[in-house]
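Right, one structure below, let's go through it.
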Amino acid sequence: MILVRSALPDEADALAQIGLAAWRKGIKPLVPVHVAVKIGQSNPFLPFVQELSSRVLVAEIDGEPAGFGACEHADDTISDIWVAPAFEGRGAASALISALEAQIAERGCTEARIHVAAANERALRLYQHLGYRMLWKKVAFDPILETDLEKIGLSKALLA
């Protein structure tokens with residue numbers, strides 16, 4: 001069974017490690033080596049989780065944090081979905097997205113948005129399976145990843 005709940009202050013380190021492990025699997029192959037080294041050394045997920053605190057949602061499977069998600073700007077955009085590789089395929093991402101969609105709807109939004117690297121085919125397939133439809137596809141410079149990256153923007157109508 002999957003439980004989705006708000007992050008606890010004392011699990012920031014564990015969540016940051018989940019984010020980094022998921023990033024290494026899905027995004028690291030798309031960036032220059034020097035960026036991968038820098039991200040591996042600094043783990044930018046830690047300040048992210050600490051700053052957003054309880055606004056980060058955690059998917060728990062069998063009592064263990066399996067992944068986390070967030071709407072960084074508390075708007076209609078899901079900014080982050082990260083699942084530990086050991087828990088992939090067990091529904092954590094779907095549960096997080098559903099919970100974040102509910103928060104977005106509570107804010108009065110009628111649509112949820114998400115962006116994904118075009119090369120992250122597994123995530124793209126999941127979002128499409130959950131009802132997200134492509135709005136745009138473009139190559140743009142990502143300042144955090146210090147590289148041009150092809151990204152896809154998707155949206156999903158939310159039930160009122």
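With in a strand (DSSP E or B) and among the hydrophobic types (A, V, I, L, M, F, W, C) as the only criterion, which of Ile144, Ile81, Ile104 stands out?
On inspection, the qualifying residue turns out to be Ile81.
Going by what's in this entry, would Ser94 be described as closer than 20 Å to Lys25 by Cβ and part of a helix (DSSP H, G or I)?
Spelling it out, Ser94 is indeed closer than 20 Å to Lys25 by Cβ and part of a helix (DSSP H, G or I).
Looking at (1) open to solvent by 50 Å² or more (accessible area, probe 1.4 Å); (2) farther than 22 Å from His129 by Cα; (3) not in a helix (DSSP H, G or I), which is the one condition that is false for Pro65?
Of the numbered conditions (1) open to solvent by 50 Å² or more (accessible area, probe 1.4 Å); (2) farther than 22 Å from His129 by Cα; (3) not in a helix (DSSP H, G or I), the odd one out for Pro65 is (1).
Out of (1) within 27 Å of Ala14 (Cβ to Cβ); (2) among the hydroxyl-bearing types (Ser, Thr, Tyr); (3) open to solvent by less than 40 Å² (accessible area, probe 1.4 Å), the odd one out for Tyr132 is which?
(1)
Residue by residue, here is whether (1) touching a Phe, Trp or Tyr at 6+ places or on another chain (Cβ under 6 Å); (2) at pLDDT below 95 holds:
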residue: Ala66; (1), (2): yes, no
residue: His73; (1), (2): no, no
residue: Gly91; (1), (2): no, no
residue: Leu100; (1), (2): no, no
residue: Cys109; (1), (2): no, no
residue: Arg133; (1), (2): no, no
residue: Val139; (1), (2): no, no
residue: Ile144; (1), (2): no, yes
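Any idea which of Leu149, Leu124, Leu154 is out of contact with any Ser or Thr (no Cβ under 9 Å at 6 or more places or on another chain) and outside any strand (DSSP E or B)?
The unique qualifying residue is Leu124.
Which residue is most open to solvent (accessible area, probe 1.4 Å), if the candidates are limited to region 79-97 and must be free of Cβ contacts under 8 Å to residues at least 60 places away in the same chain and among the small types (Gly, Ala, Ser)?
Applying the filter and picking the extreme gives Ala86.
Name every residue in region 24-38 that is surrounded by fewer than 20 Cβ atoms within 10 Å (Cβ to Cβ) and assigned to a helix (DSSP H, G or I), in order of residue number.
The answer is Arg24, Lys25, Lys28, Pro29, Leu30, Val33, His34, Val35, Ala36, Val37, Lys38.
Just to verify a result, which residue in region 68-78, among those that are under 10 Å from the mean Cα position of the chain (by Cα) and in a strand (DSSP E or B), is surrounded by the most Cβ atoms within 10 Å (Cβ to Cβ)?
Phe68
Among the listed residues Val49, Val58, which satisfies the condition of being open to solvent by less than 70 Å² (accessible area, probe 1.4 Å), on the phi < 0 side of the Ramachandran plot, in contact (Cβ under 8 Å) with a residue 12 or more places away in the chain and in contact with a Pro (Cβ under 6 Å, 6 or more places away or on another chain)?
Selected residue: Val58, the only one of Val49, Val58 that is open to solvent by less than 70 Å² (accessible area, probe 1.4 Å), on the phi < 0 side of the Ramachandran plot, in contact (Cβ under 8 Å) with a residue 12 or more places away in the chain and in contact with a Pro (Cβ under 6 Å, 6 or more places away or on another chain).
Quick one: in region 104-129, of everything that is of a type in the set (S, T, N, Q) and surrounded by fewer than 18 Cβ atoms within 10 Å (Cβ to Cβ), which residue is farthest from Gly69 (Cα to Cα)?
Thr110
Given (1) part of a strand (DSSP E or B); (2) open to solvent by less than 30 Å² (accessible area, probe 1.4 Å), identify the lone condition not met by Lys137.
Result: Lys137 fails condition (2) only.
The values are calculated or read from the model by the stated rules, or taken from the named source; none is laboratory data. Source: prediction; values computed, not measured. Glycine also receives a Cβ, built like all others from the backbone with ideal geometry; neighbour counts cover every protein chain displayed. The area values use the complete protein model at the heavy-atom level, side chains included, leaving out ligands, DNA and RNA. Shrake-Rupley method; radii C 1.70, N 1.55, O 1.52, S 1.80 Å.
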